[in-house]
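First comes the structure, then the notes that go with it.
The values are calculated or read from the model by the stated rules, or taken from the named source; none is laboratory data. Quick caveat: nothing in here was measured; it's all calculated off a predicted structure. We place every Cβ from the backbone using ideal geometry, glycine too, and count neighbours over all the protein chains shown.
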Amino acid sequence: MLAVNKSARHDYFIEEIFEAGLVLTGTEVKSLRQGKVSLGESYARILDGELFIIGMNIKPYEQGNRFNADPMRTRKLLLHKKEIRQLRQETKREGLTIVPLNIYLNDRGIAKMEIALARGKKLYDKRDSIAERDAERRIQRTRLK
């Protein structure tokens, strides 16, 4: 795992997960491998039949000099047309959005991103999930003793 969007599972109900490739420059890949990436405020959007990640910050590579790209640039995600069509249809439904979950390197060393079709949580839903997590921790603690 290179980066995890911790707020995604806290703020959204995850309905379906997709694996997407990323279109990156060479210095961005080197910076990614060093773990200098942030998914905090990022989201995905479909524009002209293609999927893009917006708001993802990949810090410039230190030895990259003039080859470094803009850290906040919009990057293209690679999915099959069928999957993009499915995402477009689902996001037209009220309340669904596409959020990134994490970035990782697969077994061949290629950067991949997990994106999810998600529905936003209300405040009371967030409280419920926190209470469930705390109860689960208490149960685990009593089992260990």
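From the residues in region 62-94 that are under 18 Å from the mean Cα position of the chain (by Cα) and assigned to a loop (DSSP other than H, G, I, E, B), which one is modelled with the lowest pLDDT? That would be 71. Scanning region 20-39 for residues that are more than 30 Å from residue 90 (Cα to Cα), among the polar types (S, T, N, Q) and either surrounded by 15 or more Cβ atoms within 10 Å (Cβ to Cβ) or under 15 Å from the mean Cα position of the chain (by Cα) (or both) yields a total of 3. Of the residues making up region 1-33, those that are under 15 Å from residue 58 (Cβ atoms) and touching a Phe, Trp or Tyr at 6+ places or on another chain (Cβ under 8 Å) are 2, 25, 26, 27, 28, 30, 31. Which of the residues spanning region 43-100 are among the β-branched types (Val, Ile, Thr) and free of Cβ contacts under 8 Å to residues at least 40 places away in the same chain? Residues satisfying the conditions are 54, 58, 74, 84.
Across region 40-80, the number of residues qualifying as closer than 18 Å to residue 98 by Cα, hydroxyl-bearing (Ser, Thr, Tyr) and surrounded by 14 or more Cβ atoms within 10 Å (Cβ to Cβ) comes to 2.
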